[in-house]
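The values are calculated or read from the model by the stated rules, or taken from the named source; none is laboratory data. From a predicted model like this one, the values you see are computed outputs, not experimental measurements. Glycine also receives a Cβ, built like all others from the backbone with ideal geometry; neighbour counts cover every protein chain displayed.
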């Protein structure tokens with residue numbers, strides 16, 4: 001899920017609590033958790049700013065585009081068509097599937 005991601009950033013978010021594997025922390029709190037339940041998968045990110053354009057444009061040090069592609073790919077069932085990760089996406093070091 002985090003292949004090719006070095007930083008995403010958190011701005012005034014809330015800690016993510018509950019079940020799941022912690023994948024990222026920020027400000028001393030869990031900010032990203034993943035959980036597999038039955039045939040489904042759930043990701044919880046603790047800050048809504050990740051949906052704003054500024055997270056993509058104004059912070060080139062963050063790999064927000066790659067985060068979203070990886071998240072969609074991870075949540076898509078393995079027997080479904082997977083999202084291809086283009087080699088030119090911020091954070092991609094090569095064209096391998098993430």
Worksheet entry | Search result, residues across segment 24-54 that are assigned to a strand (DSSP E or B), crowded, with 18+ Cβ neighbours inside 10 Å and under 13 Å from the mean Cα position of the chain (by Cα) | 24, 31, 32, 33, 34, 43, 45
Discussion item. Tell me whether segment 58-71 contains one or more residues that are modelled with pLDDT under 85, assigned to a helix (DSSP H, G or I) and out of contact with any strand residue (DSSP E or B) (no Cβ under 7 Å at 6 or more places or on another chain).
Written reply: no
Worksheet entry | Checking residue 4 against (1) touching a strand residue (DSSP E or B) at 6+ places or on another chain (Cβ under 8 Å); (2) in a loop (DSSP other than H, G, I, E, B); (3) surrounded by 12 or more Cβ atoms within 10 Å (Cβ to Cβ), the condition it does not meet | (1)
